[in-house]
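Asker: Dropping the structure in here first, questions after.
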Amino acid sequence: MEDSMQFQEVVEAEGHLIDSHIMENIFDTVVELHARFEVEEFRIGRTNSQASYLRLRVTADEQSALDRLLETLLLLGCAPVDAGDAQLREVERDRCAPEDFYSTTNHRTYVRLGDEWIEVEKQRMDAMVVVESGRARCRRLRDLRRGDRIVTGLRGIRVTPETKERGRLSFAFMANGISSERQVETAVRQTAELVRQTLAAGLKVVVVAGPVVVHTGGVEGLSTLIRRGSVQALLSGNALGVHDVEAALFGTSLGVCLADGRLEEHGHRNHMRAINAIYRAGSVAQAVECGRLKSGILYECVKAGVPFVLAGSLRDDGPLPDTITDMNLAQDAYAAQLQGAGLVLCLGTMLHSIATGNMLPSWVRIVCVDINPAVATKVSDRGTGQAVGVVADVGMFLGLLSKDLA
């Protein structure tokens with residue numbers, strides 16, 4: 001009887017396929033999409049550093065089913081062997097891509113141009129690949145311009161997912177997912193070592209922080225890290241800036257005295273007084289220069305020359321004059337500071353952590369610290385698979401981290 005499953009393709013993948021469960025995911029994907037596979041070649045890496053190689057033939061009963069399978073396999077780093085060059089089409093209108101555009105992942109990506117594999121620059125998820133002068137770059141939909149040539153379809157594209165190297169166990173917490181039972185001291189110690197490695201490699205440590213840093217008493221810990229040169233950029237929202245200034249000027253956060261936890265009389269207006277003080281000075285930097293602002297996270301950023309970005313939102317009071325209220329401009333400012341990052345510490349903020357993760361390539365390590373384990377889970381579920389969660393009080397974590405790095 002003739003086999004009706006006649007649409008087929010030979011695909012291949014290379015890397016730490018077994019350690020990272022990539023091969024298992026490839027096989028499961030084929031079965032789940034009602035196709036079948038035949039392994040033509042498999043070579044397992046013989047040493048810690050040597051990669052494994054997999055070549056298999058996949059078959060489906062319809063071309064549309066095969067295309068859907070190939071698209072899913074591509075995300076796992078499994079690409080057609082005889083793909084040819086990438087297919088390019090021209091953008092006919094600003095901010096409007098052809099229907100069959102290729103949407104990027106955050107994994108390292110290559111496109112084939114003139115029989116040569118070119119690495120895509122500025123890798124991030126949910127972008128298009130624009131080819132110009134022999135180079136390929138990720139570009140957001142809103143940044144597309146008429147005449148841009150972008151990659152379409154699935155041919156001539158290779159994705160290389162980040163894999164777990166066999167020497168990774170020296171940082172066990174980086175491989176163990178999210179757990180509230182993890183010893184905080186161990187996570188702090190290993191995070192401190194990641195900070196040292198990142199700085200030694202000439203890469204940036206970027207902190208993404210929410211106002212909980214102030215509420216939990218983490219101002220001194222984070223200020224110390226900034227003062228000692230362990231942080232190269234701070235990304236946050238208006239709330240962190242406002243409560244940081246409020247704490248520096250009045251000793252309260254949301255009107256609650258940080259020293260003893262009591263609600264200060266008329267303290268509810270302190271955050272507005274803080275905003276007003278910065279407006280009176282002109283900006284955060286000018287408040288530092290004139291002596292009005294003498295401590296706090298933003299104070300240390302100004303004194304150390306560490307750039308900070310405050311992204312606005314609909315619920316902001318004020319906001320501070322430094323807050324960027326145009327969301328497109330705020331995204332651009334975040335992305336600019338993330339260039340050259342080797343480690344990102346996300347501290348007590350779900351939305352800013354997810355937004356930052358969407359802008360990062362998968363080889364930039366992320367440590368997400370929050371008292372709520374669901375926050376780190378959501379960051380990872382939104383596509384930032386390299387994020388590792390530490391379930392802990394943010395203030396305590398910062399205090400321990402600053403001591404470990406002393």
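The values are calculated or read from the model by the stated rules, or taken from the named source; none is laboratory data. Because the structure is a prediction, the values reported are computed rather than measured. All Cβ positions, even for glycine, are placed from backbone atoms using ideal geometry, and neighbour counts span all protein chains on display.
Asker: Would you mention how many residues in region 257-290 are over 18 Å from P321 (Cβ atoms) and out of contact with any helix residue (DSSP H, G or I) (no Cβ under 7 Å at 6 or more places or on another chain)?
Answerer: 12
Asker: Could you please find all residues in region 213-230 being modelled with pLDDT of 95 or more and out of contact with any Leu (no Cβ under 6 Å at 6 or more places or on another chain)?
Answerer: Applying the first criterion (modelled with pLDDT of 95 or more) to region 213-230 yields 213-214, 218-230.
Hits for region 213-230 are V214, V219, E220, S223, T224, L225, I226, R227, R228, G229.
Yes/no matrix, rows are residues, columns are (1) in the same structural domain as R108 (by TED's automatic domain parsing); (2) in a loop (DSSP other than H, G, I, E, B); (3) modelled with pLDDT under 95:
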| position | (1), (2), (3) |
| --- | --- |
| V302 | no, no, no |
| L310 | no, no, no |
| S313 | no, yes, yes |
| Q337 | no, no, no |
| A355 | no, no, yes |
| N358 | no, no, yes |
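Asker: Please specify each residue of region 327-370 satisfying the condition of being surrounded by fewer than 18 Cβ atoms within 10 Å (Cβ to Cβ) and touching a His at 6+ places or on another chain (Cβ under 9 Å).
Answerer: Answer for region 327-370, where residues must be surrounded by fewer than 18 Cβ atoms within 10 Å (Cβ to Cβ) and touching a His at 6+ places or on another chain (Cβ under 9 Å): just W363.
Asker: Quick check on region 264-283. Is at least one of its residues under 30 Å from G229 (Cβ atoms), in contact (Cβ under 8 Å) with a residue 60 or more places away in the chain and assigned by TED's automatic domain parsing to the domain that holds V212?
Answerer: no
Asker: Just for region 193-235: of the residues that are hydrophobic (A, V, I, L, M, F, W, C), touching a Lys or Arg at 6+ places or on another chain (Cβ under 9 Å) and part of a helix (DSSP H, G or I), which one is farthest from A248 (Cα to Cα)? Steps first, please.
Answerer: Step one: list which residues in region 193-235 are hydrophobic (A, V, I, L, M, F, W, C), which gives 194-195, 199-201, 203, 205-209, 212-214, 219, 222, 225-226, 231, 233-235.
Now restrict to residues that are touching a Lys or Arg at 6+ places or on another chain (Cβ under 9 Å): 194, 226, 231, 233.
Cutting the leftovers down to part of a helix (DSSP H, G or I) gives us 194, 226.
Values: L194: 30, I226: 16 Å.
The qualifying residue farthest from A248 (Cα to Cα) is L194.
Asker: Taking strands (runs of 3 or more DSSP E) that do not extend beyond region 1-117, which have at least 3 residues that are touching a residue at least 60 places away in the same chain (Cβ under 8 Å) and touching a strand residue (DSSP E or B) at 6+ places or on another chain (Cβ under 7 Å)? Give the derivation first.
Answerer: Details: elements: 7-15, 36-43, 52-60, 87-90, 108-113.
Strands (runs of 3 or more DSSP E) meeting the threshold: 7-15, 87-90.
Asker: A330 - would you say it is part of a helix (DSSP H, G or I) and touching a Ser or Thr at 6+ places or on another chain (Cβ under 9 Å)? Before you say what the answer is, go through the steps one by one.
Answerer: Working: part of a helix (DSSP H, G or I): yes; touching a Ser or Thr at 6+ places or on another chain (Cβ under 9 Å): yes.
Yes.
Asker: Checking A35 against (1) within 28 Å of the chain's Cα centre (by Cα); (2) at negative phi: exactly one of these is not met. Which one?
Answerer: The single condition A35 does not satisfy is (1).
Asker: For residues that are in contact with a helix residue (DSSP H, G or I) (Cβ under 9 Å, 6 or more places away or on another chain) and over 24 Å from D82 (Cα atoms), tally how many sit in region 109-162.
Answerer: So the count comes out to 7.
Asker: Can you tell me which condition L254 does not meet? The list is (1) on the phi > 0 side of the Ramachandran plot; (2) within 33 Å of the chain's Cα centre (by Cα); (3) at pLDDT 95 or above, and all the others hold.
Answerer: (3)
Asker: If I go through region 138-189 residue by residue, how many of them are surrounded by fewer than 17 Cβ atoms within 10 Å (Cβ to Cβ), among the β-branched types (V, I, T) and at pLDDT below 80?
Answerer: Total satisfying the criteria: 0.
Asker: Still on this structure: Name the pairs whose Cβ atoms lie under 9 Å apart, with the first residue in region 385-406 and without any contact (Cβ under 8 Å) to a residue 40 or more places away in the chain, the second of a type outside the set (A, V, I, L, M), and 6 or more positions between them or separate chains?
Answerer: K403/G221; K403/T224
Asker: For region 75-97, name all the residues that are crowded, with 16+ Cβ neighbours inside 10 Å, out of contact with any Leu (no Cβ under 9 Å at 6 or more places or on another chain) and of a type outside the set (A, V, I, L, M). Walk me through it before giving the result.
Answerer: First pass over region 75-97, keeping only residues crowded, with 16+ Cβ neighbours inside 10 Å: 76-80, 83, 86-89, 91, 97.
Subset that is out of contact with any Leu (no Cβ under 9 Å at 6 or more places or on another chain): 76, 89.
R89 - this is the single residue of region 75-97 that is crowded, with 16+ Cβ neighbours inside 10 Å, out of contact with any Leu (no Cβ under 9 Å at 6 or more places or on another chain) and of a type outside the set (A, V, I, L, M).
Asker: Shifting gears a bit: Which of the residues that make up region 99-125 are at pLDDT below 95 and more than 25 Å from E14 (Cβ to Cβ)?
Answerer: If the condition is that a residue be at pLDDT below 95 and more than 25 Å from E14 (Cβ to Cβ), then E99, D100 are the ones that fit.
Asker: Any residue in region 24-46 that is closer than 26 Å to V130 by Cβ and of a type in the set (D, E, K, R)? Explain how you work it out, then say what you get.
Answerer: Step one: of region 24-46, the residues closer than 26 Å to V130 by Cβ are none.
No: region 24-46 contains no residue that is closer than 26 Å to V130 by Cβ and of a type in the set (D, E, K, R).
Asker: Which ones in region 280-303 are under 12 Å from L234 (Cα atoms) and either surrounded by fewer than 18 Cβ atoms within 10 Å (Cβ to Cβ) or in contact with a Gly (Cβ under 8 Å, 6 or more places away or on another chain) (or both)?
Answerer: Across region 280-303, the qualifying residue is only L298.
Asker: A follow-up question, please. Restricting attention to region 370-404, which residues are closer than 18 Å to Q183 by Cβ and not in a helix (DSSP H, G or I)?
Answerer: Scanning region 370-404 gives D370, I371, V388, G389, V390, V391, A392, D393.
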